[in-house]
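A.B. asks: Could you have a look at this structure, given as C-alpha cells, before my questions?
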Amino acid sequence: TGAANATGALAGEAGDDATRRVLGRIAREALECGSGIDRFDPQELAHLLVGFAKAGHDSPDLFREAQASLLNRTLTVQSLPPASDSEDEEGGGAKWIALFPSFVKLNVRRSASLQDFITAVWAALLAGRSDPLLLRRAIDSAGPYLDSLPLPLLVQLGQVVVSTVTLLGWSCTDTQGKSMLERLLAEDATEFSQAPAVQPVALTARRPRAKSLAAAKPAKQIPASQAVLAEKGQPLYASRSDSDSIGADFLRRLVQTLRKRRASVSRSSGSPVLDKEDGLVLSPHVAAASSRLHECVSGALSRLGVAHVNEREVLGGIYVIDIALPSPFQAGATESRPIAIEVDGPTHFVRDTLQPTPETLHKRRILKLMGWNVVSVAYFDWENLRTESARQAHLTNLLSPEGSAAAFTKNADVA
C-alpha cells in the first residue's frame, strides 16, 4: 500500500531527477522483494500502474509482471444498481458475484474486482504497455455489468475500449463489416452539426488560480513518456492478431448506457456529476465549470463572433472537449475537420515544467484519431497576453490551419 500511495503522490512531479530515481527504486523493490509482485493485492497493483503511467515513468518489467499477476487472480464483480441509492442489509446495495473463468488459477490468495482490472488496463494503455490478454479479460468481463458500473468507471472503460480500437487496431465492425466506432462518431457529428451555437455558459466555479509564466520553471529535458513517443509517431504497441476484436453491440451498448446515465444525472437536481478531467465525482457547483481560464477563452471567442459549444461530449462523454467548433474557423478553408480547443491549465502539465502530462497527450492523440483538429490554449501563454486584442489575435492564429498545426506540434514535442 505504501508503494502504491507513494507512486500516486509522485505522479505529478515526473520532471524531477530525484523523483525518477525514487520511482525506479519502487519498481525494483516491487519486483524483487519477498514474493515479488504477487504480494500486492489487486487494488494496490492497479494504483501502482496508474502512478507510473501518470508520471510517464517507463518500467516495462513492472507493467509486464503486474498484468501477468492480475491475470492469475480470481475475478469478482461488484454490481451497483445505477438508478437507486438505497442500501440493503448487506450494506451499500453492493452485490458480489464471483466469476471463475476456466483459465483463472484458483490458488491465488486474493481476488480482483472488475474495477481493478479496468483501472490497470487503462494505466497500461496510457503507458503504452498493455497486455492483450488482460485487455480481453477486462472488456469481456465488463459486458454483463454495463448498467451497474459507477459512472466514473464506465467512462474509464469507454476510454479503454476507444484506445484499444484506435491505438491497438482492434476491429469493431457490425454485421455489414462497417466500423461501429465510425458509425457512432458519425451520429455524434450529425447531432453536433444540427445543434444551435451555444454562447459562453456562466462559469462560476473556479479551479486553483494558475501560476504565472514567471513562476513556472523552464521546461526540463525529461525522458519522453510513452504518450509523448506516440505523439511523435513512434510505434508503441505490438501488432494485433486477427482475433483481437471488440463486439460492435458491446460498444454501442456502452455508448448508449453512458448517454442515458449522463442525461439522468444532468436532470437530477443536486446529484453529483462526473468531472471531465480526472473521472472524480464532484459536487454540482464545482463541476459546473472547468475553470476561470475556460470562461475567458470562451468569452474571447464569442467577442470574435466564433460559434462554439462548451463541454462537448464525445461518444456519450467518454471524452469531453473543453470548447468545440462545429466547422472550420475560416471560410473556404480546406481543413474540414471540426476543431477541439483544449484549455490546458496547470494540472495538464508536469509540475514546474511546460511538459504536458501523459494523460493530456493521450487525450489529444485519441481526439485527433477520431477526426478532430486539436488546438491547445495553455495557461502560461494566455496569462502572458495582457490585452483583449492580443488574446483575440492569439486565438485567431491558433485556429487558422497553419497556426493549429504549429501549436499541436509545439505542445506534443516537448520532452
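A.B. asks: Taking the condition at pLDDT below 90 and over 27 Å from residue 123 (Cβ atoms), does residue 324 pass?
C.D. replies: Values: at pLDDT below 90: no; over 27 Å from residue 123 (Cβ atoms): yes.
Considered against the rule, which asks whether it is at pLDDT below 90 and over 27 Å from residue 123 (Cβ atoms), residue 324 comes out as no.
A.B. asks: While we're looking at this one, here's another question. Restricting to region 354-394, name every residue that is in a loop (DSSP other than H, G, I, E, B), surrounded by fewer than 20 Cβ atoms within 10 Å (Cβ to Cβ) and on the phi < 0 side of the Ramachandran plot. Walk me through how you get there before you give the answer.
C.D. replies: First, the residues of region 354-394 that are in a loop (DSSP other than H, G, I, E, B): 354-355, 357, 370-372, 384-387.
Still in the running and surrounded by fewer than 20 Cβ atoms within 10 Å (Cβ to Cβ): 354, 371, 384-387.
Scanning region 354-394 gives 354, 384, 385, 386, 387.
A.B. asks: When the residues of region 342-353 are filtered to those that are touching a strand residue (DSSP E or B) at 6+ places or on another chain (Cβ under 9 Å) and assigned to a loop (DSSP other than H, G, I, E, B), which remaining residue is nearest to residue 301 (Cα to Cα)?
C.D. replies: Of everything passing the filter in region 342-353, 345 is nearest to residue 301 (Cα to Cα).
A.B. asks: Filter region 308-326 down to residues that are touching a helix residue (DSSP H, G or I) at 6+ places or on another chain (Cβ under 8 Å) and either part of a strand (DSSP E or B) or open to solvent by 20 Å² or more (accessible area, probe 1.4 Å) (or both), then give me how many there are.
C.D. replies: 13
A.B. asks: Scan region 51-77 and report the pairs whose first residue is under 21 Å from residue 115 (Cβ atoms) and whose second residue is modelled with pLDDT under 90 and basic (Lys, Arg), with Cβ atoms within less than 7 Å and a gap of 6+ or a chain change.
C.D. replies: From residues that are under 21 Å from residue 115 (Cβ atoms), the pairs are 72/105; 73/110.
A.B. asks: For region 16-50, what are the residues that are of a type outside the set (D, E, K, R), without any contact (Cβ under 8 Å) to a residue 12 or more places away in the chain and open to solvent by 50 Å² or more (accessible area, probe 1.4 Å)?
C.D. replies: From region 16-50, those of a type outside the set (D, E, K, R) are 18-19, 22-24, 26-27, 30-31, 33-37, 40, 42-43, 45-50; that's our starting set.
Next, from what is left, pick out any that are without any contact (Cβ under 8 Å) to a residue 12 or more places away in the chain: 18, 33-35.
Listed by number, the residues that qualify are 33, 34, 35.
The values are calculated or read from the model by the stated rules, or taken from the named source; none is laboratory data. Since the structure is predicted, the reported quantities are computational estimates derived from the model, not experimental observations. With ideal geometry, Cβ positions are generated from the backbone for all residues, glycine too; neighbour counts draw on all protein chains shown. When the accessible area is computed, the model is the full protein with side chains, heavy atoms only, and any ligands, DNA or RNA have been set aside. Shrake-Rupley method; radii C 1.70, N 1.55, O 1.52, S 1.80 Å.
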